[in-house]
Structure formats: structure tokens, C-alpha cells
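These notes concern the structure reproduced below.
The values are calculated or read from the model by the stated rules, or taken from the named source; none is laboratory data. What you see is a predicted model, and the numbers here were worked out from it, not measured in a lab. Counting neighbours? That spans all protein chains shown, and the Cβs are built from the backbone with ideal geometry, glycine included.
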Amino acid sequence: MLVGGDVHTERAVSARWPKARIGGTFRDLSLLEYVASGIRPDIVAVDVSLSPRGETLEAWTVRFKSAYPSSTVTVIDGSSNRVSEDIGEVPGLTTVLGSQTVVIWSPKGGVGKTFLSTNLACAASLVTGGNAVLLDMDLCSGDVAVHLDLLDGPAITDLIPVLPDIRPEGLDKYARRHGPSGLNVICGPRQPELCDLVTPEVVRTVLTLASKRWGLTYVDTPPDMASDVVGECVDAATKIVLVTTQDVASLKQCRSALEIFTKLGIPVSAMAVVVNRASKDSLMPLQKVEEFLGVELAGAVPEDRKAAERSVFEGRPLALISKNEISEAVWSILDHLSPGLGRASSNKKTPRRRGLFW
């Protein structure tokens, strides 16, 4: 069965159906629908407090039953089953998806951080029906808009006057839409001299609103660990993706960053290292990279400069193109970061899909 709600909803479900196998718990019903299309659950339990985008919960229930007639949909009230225990100490609970903030960062510039950010975010948007957003927080020199060919439209600085009163849904007006993937994008300032207007408080507020508005938030950041902007992004992150290449300078800085994050109390499980422009001819093969960094890699994106340059020129990330080594690598990394999204959708086919946690 699948659960729509939070950890308290899941506990209520477990009490009502003690023998049921819960495949996943989702705060966002569009993610629940996507996973349901692959595993066809017998039961779907939805918390009465959830508000689907663009429709009432009753309308969503009718539509879901029509699409999946073999599934039983039950609306429950999880609030009456709330408990005081620390969630981290309660065994057997599944991971709650639907409010994930993935920060892509590197201590060294020029490693392809924005390339990875745009590809991951577009892939996530493609499989969740546009339920993803990419925030360009590389405020002084960000080029997310260039990578996605979104050169005209609102920017984060346009949000500043309305931030005190805006609701999460109000972000739609300030987000540009990437047509091929459906990704929502909040772009950086149009001119570098405007970056000082985006204070840490603005960054914090935008991150919070974006997390509430969209299920998956991806953040492209500047290569500056001392930046207050990076600090705000790291504080909000559920997963930090460190991007490096196989050259010694990048690897040394990556290892230092891992050590600093560890000293700051960030668990290893919240960090992921990705090697970009990976080459089999490098003097530092991937196995040695893992040994040097002391961590297992979340993935490696192979080097293909010509394909990468063409994708940026066309504003179409390679993750949207099937039968491409870079595309395959990006989808594999997405699977690692967000289990359950399903890399099979990159080929737009319908092969056997696994459940969320098995």
C-alpha cells in the first residue's frame, strides 16, 4: 500500500492495517500517483489534511479511483494518532518523499556543477509531471538560464518586494518554465551587480517557500564555502551533492569539504559525491577516487564535451535524450538521490518498475 501524508499518517495506517506492507509515504500526491502507476497498490491511504494542487481532495480521490480501479482509496485523519517520540528513534518507518531539497555544490569552479544541476532537475521534473523546481543561487555568475535557454522572464530579485506577503503558490508567477521537461526555474539576477540585493534572509525565505510549493527542490550554488548564501542552502538541504572531477586539485578540495561538513555535524548519509567528466584514461580511476575521498561515489558522468556543449546550445539537457551515456549516468544518480523516481522514464518506455523500497 501507499500512504499520502506524513510520518503520523503512516503510524495511523500501521495501526489500522498492521499486516500491510507500506511501499512509501508521500507528502505530495503527484509523487504518490507516479509511484502508483508502477506498482499498482491494493490500498492507498490519504490524510484528510492534504491539499492536491488544482483540485479538492475529493476530486483527486475520484480521479485516482478512475485511473486505478483495482486500488482502494481511504481518507484518514492522522492527527489523532500523533505521538511524542522522536521520529528518528521509531524503527521501521519508511522515508517520506515529497519535500526533498538537493543542493548541488563544489568548492572549485568549472567542474560542471550547473550542468549536473540542470540535468538532475529536468529529469526529476519529467517523471513527476513538473513537480520540481531549480533555484539558481549562484547569484553573481549563475548561468542556469543559459543552460536551459530561459533568457527572458522573471528573476529572484523580482520576488524581493513581495516576499513578506507571498504564499507558496505565488512563486508560480516568478518561475520560468522549461518546456521540454516542465521544470520550474527561479533564475538568478539579470545583472551581477544586483546579487547583493539577495540577502541570506531572502535566500532562506525562497528556499522555504519553494519546498512547500514543489515536491522536489534543486539548488545550484556558487563555489564559495564561506558564502552566507551557501550556508543557508546547506542548512536547508536534505542532500548535498558535491561535484568534482578527477584532477588532483578538485579531489583535494572535495576531500577538505567532506571533512568540514562532517565536523559541522552533517551525516555522511546526507552527502553524495559525483565525479563529472569522468574518463577511463585518467591517472585517477574512479576506484582510486573513492579511496582518496573515503566515500562511495553516488555516480560518475562520463566526459563527452561535444554532446554537453550541444545540449547547452540547444537548451535541452542530455537527461531528456535517451541512448546517451551522460543521460544514463544522470538517471542513475537521480535514482541514488531520490529512490523511487525511476530511471526507466528517461527512455519513455514502460518496462517493469520496482516498488519504492524493494
For this session: Consider Gly182 carefully, then state whether it is farther than 16 Å from Gly142 by Cβ and touching a residue at least 12 places away in the same chain (Cβ under 8 Å).
Result: yes
Exercise. Would segment 123-132 turn up any residue that is buried (at least 21 other Cβ atoms within 10 Å of the Cβ), more than 21 Å from Gly4 (Cα to Cα), modelled with pLDDT of 95 or more and of a type outside the set (S, T, N, Q)?
Worked result: no
Exercise. Do we have any residue at all in segment 258-270 that's in the same structural domain as Val133 (by TED's automatic domain parsing), part of a helix (DSSP H, G or I), closer than 21 Å to Ile160 by Cα and of a type outside the set (A, V, I, L, M, F, W, C)?
Worked result: no
Exercise. Within segment 277-300, which residues are within 18 Å of the chain's Cα centre (by Cα) and not aliphatic (A, V, I, L, M)?
Worked result: Gly299
Seminar exercise, completed: When segment 1-42 is checked residue by residue, the ones that are among the aromatic types (Phe, Trp, Tyr) and over 21 Å from the mean Cα position of the chain (by Cα) are Trp17
For this session: Take segment 185-197 and flag every residue that is touching a residue at least 12 places away in the same chain (Cβ under 8 Å) and assigned to a loop (DSSP other than H, G, I, E, B).
Result: Cys187, Gly188, Pro189, Arg190
Exercise. Taking the condition over 13 Å from the mean Cα position of the chain (by Cα) and assigned by TED's automatic domain parsing to the domain that holds Val273, does Leu116 pass?
Worked result: no
For this session: Working only within segment 236-266, note down all residues that are touching a strand residue (DSSP E or B) at 6+ places or on another chain (Cβ under 9 Å), within 19 Å of Gln287 (Cα to Cα) and among the aliphatic types (A, V, I, L, M).
Result: Val241, Leu242, Val243, Leu251, Leu258
Seminar exercise, completed: When segment 1-52 is checked residue by residue, the ones that are surrounded by fewer than 15 Cβ atoms within 10 Å (Cβ to Cβ) and either part of a helix (DSSP H, G or I) or charged (D, E, K, R) (or both) are Ala15, Arg16, Lys19, Arg21, Ser37, Arg40, Asp42
For this session: Residues being surrounded by 24 or more Cβ atoms within 10 Å (Cβ to Cβ) and under 9 Å from the mean Cα position of the chain (by Cα): count how many of those fall in segment 101-113.
Result: 1
For this session: Taking the residues in segment 259-306 that are small (Gly, Ala, Ser) and surrounded by fewer than 18 Cβ atoms within 10 Å (Cβ to Cβ) as candidates, determine which candidate is farthest from Ala329 (Cα to Cα).
Result: Gly265
Exercise. Could you say whether any residue in segment 198-211 is free of Cβ contacts under 8 Å to residues at least 12 places away in the same chain and assigned to a helix (DSSP H, G or I)?
Worked result: yes
For this session: Could you list all residues from segment 307-320 that are surrounded by fewer than 17 Cβ atoms within 10 Å (Cβ to Cβ) and in a loop (DSSP other than H, G, I, E, B)?
Result: none
Seminar exercise, completed: Considering segment 233-258, residues that are farther than 20 Å from Leu337 by Cβ and not aliphatic (A, V, I, L, M), and then whichever is surrounded by the most Cβ atoms within 10 Å (Cβ to Cβ), we arrive at Ser250
